[in-house]
Structure formats: structure tokens, C-alpha cells
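Visitor: Below is the structure I would like to discuss, written out as C-alpha cells.
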Amino acid sequence: MPVLDFVSEYAEKNMLRCHMPGHKGRSIWGDFPEKIFSMDITEIKNADSLFESCETGGVIRQTEKNISDIYGSLDSFISTGGSTLCIQAMLTAVKLEKRRVIAVRNVHRSFINSCILLGIEPEWILPKYSDFAISGEIDTQVLENTETMLKKIPNACLYVTSPDYTGYIAPIDKLAEICHGYGAVLIVDNAHGAHLKFMEKSLHPISLGADMCCDSLHKMLPALTGSAVLHVSNKRYSPIAKHCMSIFGSTSPSYVIMSSIDRCTDYMRGNLRRDIENSLHWINDLRKKFDSSLFAPSGDPFHLSVNAGKYGFDGKIFAEILRECGVECEYSDSTLVILLLSPVFGSEDYSRLEKALESALKRIKDIKQRRAGESPKLPTEVPVKVMGMREAFFSESEEIPVGSTVGRVCAYAEVPCPPAVLIVAGGELIDRDTAEILRFYGVDTLKAVKL
Ligand SMILES: Cc1ncc(COP(=O)(O)O)c(C=O)c1O
């Protein structure tokens, strides 16, 4: 664990730290563990430097090589700014090649923000929305639409989010084949899928032919928030990846986060596969205890989505009851409740979850919160675009109630909840259907370009 070993050894030396950070390795107030402060260093001698590590070959680079070996990538690069930084870097890399970006529409906010910053105006492909606006399937029709678009747009980059928030996994192998057939590159937002490499058969985008992808280690594996990796399998991107990361990343990346990446890497080499195998067994058992329609189907078993809408109750109320039963979910809206599981959960955690689900189900029936007949509104086409996302963002705008937005231009992408996906992007015209979908997902106000 090159970075972790370095910071631990430095902490043991008890040097007088006449360097940043200002806490000097001490927990002044005592409400944070001393150890964390002692590990929180800056780029002192031999500590390497995140964005220069390709040249220095120091401890950070060694950690990156360890990760690359594990994932079978051509190269892997650490981020302490989450997948957000990796997405910014991947899009910078394809922008440097003057590629047009085609994106499957269920993108995360970090993609939208990167496009605004970089002046990228993506061409959209609508996935097949079936049950939820935050998850869309890439079926044969969507694959055909993608191919048609790639035929028309030379020098393209296809951007796909997989797994998505509900654990749906896109057919990355098929998309890679189509992309490469037309000279396009495939980049995948695999923020939710760092663990997919360790399934019985790897489902990781790099194993399936993606040119680049990002993994948030912190989302599904035991690593501190902010821990992520940018993987590259196309040799054109290796030499420029760090440069592309450095223009967005902080010049003070956290050594505590990097140390946690090291710990996580050690776990990948150690017990992770065993823990995944055990977890899959427990998750399977848990699913069997309940009606099969209670949970939405999911390509990734660690994303467990309660199909509230189909089951006839409001997901937000169900999440509230689960909270009272001691379980905090990742996300809820009126149609679904997303529970993120992890290889670090043990059998006792699954028993706890089972009991909480059982009592929440009983209670939700008792309080008769059924919403039968009310099905989610889903986007059926991309709204009409009247100006670029960047132009819309930098235009004068005003926050108005969603009910008054029909006929107005959205200034900034609107999503059903902070971590989810967009319903209308900046620069697009809001029609009646879009306004209704926004309302359905609980969006009350929206930033519209000033008339
Ligand atoms: C699909 C998706 N992509 C990217 C991100 C951004 O990842 P991070 O928080 O690691 O920067 C998120 C965060 O929730 C996400 O859900």
C-alpha cells in the first residue's frame, strides 16, 4: 500500500511539520481522531504528486499501477475528486480530439456541468424508459438509433452511464463493437460499478471494451468519499489523462483519501471476491423472502430498488418508514426506493434489512398510502433545443414555479433529485409534458432564461 505506508511511516517519525496543512498533523480539538490528522499531509519529499506522478514514478504512481494490474486496464489514474473529476477529464480528452459527444440521456449532473464548462453540446440518445425516469434501458432499438447516429457523425464519442442509479447495466460490449466499427470511442460513467470487476464474470466496462471509464470507489466499495479512478484502455488517452485531470482538480489532493484508495486496493487483492460471493448469496435469499414484484429487476445485485410505484405505494413515504425502522436509503421518489448494498455487509446486516422491510411493508399497508393508478410520467422525446447548454447557463435567468415554465427555456438542467438524472437540459424548451414530469418528480421551481 505505497501511499498508506508512506503517510503512516511519516506520521510515526513525529516530525515538526513546518509545511501545510495548518493543523500540523494534530487533532487540536479532539473531536476528530488524531490518526486522520497525522496522515493528512501535503506533497513533501518522497510523497509524490498526484498530477505529476507519471513522471515521478513515486508512491502514487505505484498505487495507480497496482490498480491498473487489478482491473486489467492499460492505465489507471487516481482521483480524490470523485468520478466528477474523471468525467471532466474524459470529456476534456475527447474535446482535445475535436470529437462530437453523443450521450445516452440518463446522464448524471457531473456530465452536464462538465459540458457547460467545456462548451460541449451533446447529441442525445433517449434510452427506453420503462418504469422510472432515472433509469433507461439500451434495447435493440436504442442500439440501432445509436448506430444510425454514429453513421452520421464521424469522429464521435459515445457517452454511456452504466450501471445507472437503479443498477441497470448497459450492453457495453455491443456498444463498444458498434463504436469501434465507426471509429468512435466509448466512454462509460461507471461511477456505480467499481465492484463489477470482481463478479464471477467481470462486468466492468474496461473488460467489455470501453476506451475509458470512471469508477467511484467510494460508492460501492469501502473507500472514503471522493475516492475514484479513471481507467484507460485506449493508448491515445494514457499520456493526456493526468493533464486533463489537472486542469479541474484541486492542487491539494487529499492523502487521506489516497490512503483509503490504497486500503481498498488491498481489499480488492484480498477478500473482496469472497465477500461478493457471500453477499450475492444473502441478497438472493433476501429477495426470495419477498414478493418477486417488490424489487425492480437489476443487472447489479448490489443496487436493490423497491418498486414502490408498481407495488402501489409512495416511495418517499416508504423511505420515511424504513428510516424509522433504522434503515436509511440512498434515494427515494414517489416511484422507487433505492437501497445500496455492499460487499462489507454481513449476514446480520441482511437480517436487519429484512426485518425493516417486513415491518415497513406492514406499516405502509396499515396507513393506506396506496396510490393505485398513478403511474410515473416518463420522457418520450428530447425537448426542443433552442440554445446551447453553456449559453443558457450563462444567460440571465430567474427561478420560477414549474407551473409557469411552459414555453420558457430552461437555464440549467433539471433533475428529479440532487443525485439523479436530467429531465430537461439547459437551452431546451419546456413544454406541457416536461413540466408535468418535473412536477411528478417533486421539482417545484426551475431556473428559466429571462425573457
Ligand atoms: C451516475 C453517476 N455518475 C457520476 C457521479 C459523480 O460521482 P462522484 O460523486 O464520485 O463525483 C454520480 C454521483 O452520484 C453518479 O451517480
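The values are calculated or read from the model by the stated rules, or taken from the named source; none is laboratory data. The model shown is predicted, which means the values in this text are computed figures rather than measured ones. Note that each Cβ is placed from the backbone with ideal geometry, even for glycine, and that neighbours are counted across all protein chains shown. Accessible surface areas use protein heavy atoms only, side chains included; no ligands, DNA or RNA. Shrake-Rupley method; radii C 1.70, N 1.55, O 1.52, S 1.80 Å.
Visitor: Kindly list, by first and then second residue, each pair from a residue in the stretch 144-156 that is at pLDDT 95 or above to a residue that is open to solvent by 70 Å² or more (accessible area, probe 1.4 Å) and of a type in the set (Asp, Glu), limited to pairs with Cβ atoms under 6 Å and residues at least 6 apart or on different chains.
Guide: Hits for this filter: zero, empty list.
Visitor: Within the stretch 68-79, track down each residue that is near the ligand (Cβ under 10 Å from one of its atoms) and either open to solvent by 20 Å² or more (accessible area, probe 1.4 Å) or assigned to a helix (DSSP H, G or I) (or both).
Guide: Those that are near the ligand (Cβ under 10 Å from one of its atoms) and either open to solvent by 20 Å² or more (accessible area, probe 1.4 Å) or assigned to a helix (DSSP H, G or I) (or both): none in the stretch 68-79.
Visitor: Sticking with this one: Quick one: is SER279 among the small types (Gly, Ala, Ser), in a helix (DSSP H, G or I) and touching a residue at least 12 places away in the same chain (Cβ under 8 Å)?
Guide: Details: among the small types (Gly, Ala, Ser): yes; in a helix (DSSP H, G or I): yes; touching a residue at least 12 places away in the same chain (Cβ under 8 Å): yes.
Judged against the criteria, SER279 is a match.
Visitor: How do the pairs read when you match residues in the stretch 193-218 that are of a type in the set (Lys, Arg) with residues anywhere that are open to solvent by 10 Å² or more (accessible area, probe 1.4 Å), using Cβ under 7 Å and keeping only pairs 6 or more apart or on different chains?
Guide: That search, which allows pairs on different chains as well, returns LYS197/SER207.
Visitor: Okay, moving on. Taking the criterion of being buried (at least 20 other Cβ atoms within 10 Å of the Cβ), of a type outside the set (Phe, Trp, Tyr), outside the structural domain of LEU438 (by TED's automatic domain parsing) and in a loop (DSSP other than H, G, I, E, B), would at least one residue in the stretch 317-326 satisfy it?
Guide: No, there is no match, as no residue in the stretch 317-326 is buried (at least 20 other Cβ atoms within 10 Å of the Cβ), of a type outside the set (Phe, Trp, Tyr), outside the structural domain of LEU438 (by TED's automatic domain parsing) and in a loop (DSSP other than H, G, I, E, B).
Visitor: Just give me the residues in the stretch 81-107 being more than 10 Å from the ligand (Cβ to nearest atom) and either open to solvent by less than 40 Å² (accessible area, probe 1.4 Å) or outside the structural domain of ILE261 (by TED's automatic domain parsing) (or both), in sequence order. So that I can check it myself, show each step before the final result.
Guide: Taking the stretch 81-107 as the starting set, the residues that turn out to be more than 10 Å from the ligand (Cβ to nearest atom) are 89-105.
Of everything in the stretch 81-107, those that are more than 10 Å from the ligand (Cβ to nearest atom) and either open to solvent by less than 40 Å² (accessible area, probe 1.4 Å) or outside the structural domain of ILE261 (by TED's automatic domain parsing) (or both) turn out to be ALA89, MET90, LEU91, THR92, ALA93, VAL94, ARG99, VAL101, ILE102, ALA103, VAL104, ARG105.
Visitor: Please find, within the stretch 133-143, the residue that is nearest to LYS95 (Cα to Cα) out of those that are in contact (Cβ under 8 Å) with a residue 12 or more places away in the chain and open to solvent by 20 Å² or more (accessible area, probe 1.4 Å). If you could, list the steps in order and put the result at the bottom.
Guide: Of the stretch 133-143, the ones in contact (Cβ under 8 Å) with a residue 12 or more places away in the chain are 133-138, 141-143.
The next check asks that each one be open to solvent by 20 Å² or more (accessible area, probe 1.4 Å); those that pass are 137, 141, 143.
Details: GLU137: 27, GLN141: 28, LEU143: 24 Å.
Result: LEU143.
Visitor: Also, I was wondering about something else. In the stretch 330-349, what count of residues is obtained for those that are open to solvent by 20 Å² or more (accessible area, probe 1.4 Å), in a loop (DSSP other than H, G, I, E, B) and closer than 12 Å to TYR165 by Cβ?
Guide: 1
Visitor: Sticking with this structure for a sec: Which residues, counting only those in the stretch 222-265, are in contact with a Leu (Cβ under 8 Å, 6 or more places away or on another chain), among the β-branched types (Val, Ile, Thr) and closer than 29 Å to LYS95 by Cα?
Guide: Within the stretch 222-265, VAL229, VAL232, ILE240, ILE257, ILE261 qualify.
Visitor: Something else about it: Across the stretch 98-114, what is the total count of residues that are in contact with a strand residue (DSSP E or B) (Cβ under 8 Å, 6 or more places away or on another chain) and farther than 21 Å from GLY226 by Cα?
Guide: 8
Visitor: Looking for something surrounded by fewer than 21 Cβ atoms within 10 Å (Cβ to Cβ) and over 20 Å from PHE51 (Cα atoms) - is there at least one such residue anywhere in the stretch 251-259?
Guide: Checked against the condition, which is being surrounded by fewer than 21 Cβ atoms within 10 Å (Cβ to Cβ) and over 20 Å from PHE51 (Cα atoms), the stretch 251-259 yields no hits at all.
Visitor: Which ones in the stretch 1-41 are modelled with pLDDT of 95 or more and of a type in the set (Phe, Trp, Tyr)?
Guide: Residues satisfying the conditions are PHE6, TYR10, PHE37.
Visitor: Is there any pair with a first residue in the stretch 75-92 that is more than 11 Å from SER114 (Cβ to Cβ) and a second that is of a type in the set (S, T, N, Q) and more than 11 Å from the ligand (Cβ to nearest atom) whose Cβ atoms are under 6 Å apart and which are 6 or more apart or on different chains, and what are they?
Guide: ASP75/SER68; ASP75/SER238; SER76/SER68; THR80/SER254
Visitor: Please report, ordered by residue number, the helices (runs of 4 or more DSSP H) entirely within the stretch 197-271 with at least 2 residues that are of a type in the set (Ser, Thr, Tyr).
Guide: Numbers: elements: 217-220, 238-246, 255-269.
Qualifying helices (runs of 4 or more DSSP H): 238-246, 255-269.
Visitor: Next question. If we scan the stretch 211-225, do we find a residue that is away from the ligand (no atom under 16 Å from the Cβ) and at pLDDT 95 or above? Let's see the steps before the verdict.
Guide: Within the stretch 211-225, the subset away from the ligand (no atom under 16 Å from the Cβ) is 211.
Checking which are at pLDDT 95 or above leaves us with 211.
Within the stretch 211-225 (the criterion being away from the ligand (no atom under 16 Å from the Cβ) and at pLDDT 95 or above), the answer is yes, since at least one residue qualifies.
Visitor: Additional query: Please specify each residue of the stretch 227-249 satisfying the condition of being open to solvent by less than 10 Å² (accessible area, probe 1.4 Å), within 12 Å of the ligand (Cβ to nearest atom) and not polar (S, T, N, Q).
Guide: Hits for the stretch 227-249 are ALA228, VAL229, LEU230.
Visitor: For the stretch 108-121, what are the residues that are in a helix (DSSP H, G or I) and within 11 Å of the ligand (Cβ to nearest atom)? Break it down stepwise before answering.
Guide: Quick first cut of the stretch 108-121, residues in a helix (DSSP H, G or I) only: 109-118.
Within the stretch 108-121, ARG109, SER110, PHE111, ILE112, ASN113, SER114 meet the criteria.
Visitor: Looking at the stretch 108-132 only, could you name the residues that are touching a Lys or Arg at 6+ places or on another chain (Cβ under 9 Å), open to solvent by less than 20 Å² (accessible area, probe 1.4 Å) and more than 29 Å from GLY249 (Cβ to Cβ)?
Guide: Scanning the stretch 108-132 gives ILE125, PRO127.
Visitor: Let me ask you something else. So SER292 ticks every box in (1) in contact with a His (Cβ under 9 Å, 6 or more places away or on another chain); (2) part of a loop (DSSP other than H, G, I, E, B); (3) not charged (D, E, K, R) but one. Which box is left unticked?
Guide: (1)
Visitor: Still on this structure, I have one more. Filter the stretch 49-67 for residues that are open to solvent by 30 Å² or more (accessible area, probe 1.4 Å) and in a helix (DSSP H, G or I) and give the result.
Guide: To start, the set of residues in the stretch 49-67 that are open to solvent by 30 Å² or more (accessible area, probe 1.4 Å) comprises 51-52, 54-57, 62, 65-66.
Within the stretch 49-67, PHE51, GLU52, CYS54, GLU55, THR56, GLN62, LYS65, ASN66 qualify.
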